[in-house]
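Student: Next up is a structure, given as structure tokens.
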Amino acid sequence: MGRRIVAGAGAGLIAGVVLAVVMRALPVAAADGREISMIAFAARLLGMGGPLAGWLAYLADGVVIGALFG
């Protein structure tokens, strides 16, 4: 059981990295009209500082969701 959870967490980490790369490349329109990356937009929604916080949030989400499926 423990190996499956670790494998799921690893797969979730890989999926989180892929999703974060894609979201970093895709721009969205912010409320002030500027175009920002989806990672920065997600960080703003979560009330965090900058894109690094958005990256960490997506990686953490990927690991948790992967572990739940593991």
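Every number in this text was worked out from the coordinates using simple rules, so none of it is lab data. A quick note: this is a predicted structure, and the numbers were derived from the prediction, not measured. Ideal geometry is used to build each Cβ from the backbone, glycine not excepted, and the neighbour counts take in all protein chains shown.
Student: Give the Debye-formula value of log10 I(q)/I(0) at each listed q (0.12, 0.23, 0.24 Å⁻¹), with one equal scatterer per alpha carbon of the chain, two decimals each.
Tutor: With one equal scatterer per Cα and no solvent, log10 I(q)/I(0) is -0.35, -0.88, -0.92.
Student: Under a point-charge model restricted to the Cβ atoms of Lys and Arg (+1) and Asp and Glu (-1), what is the dipole moment magnitude of the chain relative to its Cα centre, in debye to the nearest 20?
Tutor: Dipole magnitude for the chain comes out near 220 debye.
Student: Sum -39500 (n - 2.57) across every DSSP H segment of at least 4 residues in the chain, then divide by the residue count to get the 222 nm mean residue ellipticity, nearest 500.
Tutor: That comes out to -24500 deg cm²/dmol.
Student: Compare the Cα positions of Leu68, Pro51, Gly2 along the charge dipole of the chain (+1 at Cβ of Lys, Arg; -1 at Cβ of Asp, Glu; about the Cα centre) and return the one farthest towards the positive end.
Tutor: Looking along the dipole axis, the top candidate is Gly2.
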